[in-house]
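Here's the structure we're looking at; comments come further down.
Read the figures in this text as sums done on the coordinates, not as results from a lab. Just so we're clear, the structure is a prediction, and the values are computed from it rather than from any experiment. Don't worry about glycine lacking a Cβ; one is built from the backbone with ideal geometry, like all the others, and counts go over all protein chains shown.
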Amino acid sequence: MRVLDDYFESLRTQDWARLSKCLAEDVRRSGPYLDVVEGRKAYVEYLSRVIPKLPNYDLRVRRTRALGAGSALVELSEFTDVDGVRKEFPEALLFDFDAAGAISRVDIYLKQPGGPKG
């Protein structure tokens, strides 16, 4: 799970070289809008274009759960300012790891308000 600590700290600090070391060469990211990015270089380039544009960006991991050999589930929130107002975006991310322990797959799911209250 150390690779996840490095991955999230790399995002917080925008350390793209460190982030690259967390990823398998053939990493596949499937985003919340069915957008797909494949390959380490493409994924790092994608994040390095998106995250710096998010005003006052922050990321907080809430919970990490190992799911057996080679997978983990992480609940987190990303924060950014939208039209001058601080917004929280809760997410659940499913990670798969290769035999060397690098991240080989990231599936991102947004948690949306407005469902039935129970």
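Observations, loosely collected:
- When restricted to residues that are under 14 Å from the mean Cα position of the chain (by Cα) and at positive phi, the stretch 10-47 contains 1.
- Selection count, the stretch 76-112, where residues are in contact with a strand residue (DSSP E or B) (Cβ under 9 Å, 6 or more places away or on another chain) and more than 16 Å from SER30 (Cα to Cα): 15
- Among the strands (runs of 3 or more DSSP E) confined to the stretch 58-112, the ones with at least 1 residues that are buried (at least 16 other Cβ atoms within 10 Å of the Cβ) and among the charged types (D, E, K, R) are located at 71-82, 85-97, 103-110.
- Residues satisfying the stated conditions in the stretch 1-51, i.e. part of a helix (DSSP H, G or I), free of Cβ contacts under 8 Å to residues at least 12 places away in the same chain and among the β-branched types (Val, Ile, Thr): THR13, VAL50
- Answer residue from the stretch 36-57, given it is charged (D, E, K, R) and touching a helix residue (DSSP H, G or I) at 6+ places or on another chain (Cβ under 9 Å) and is surrounded by the most Cβ atoms within 10 Å (Cβ to Cβ) among those: ARG40
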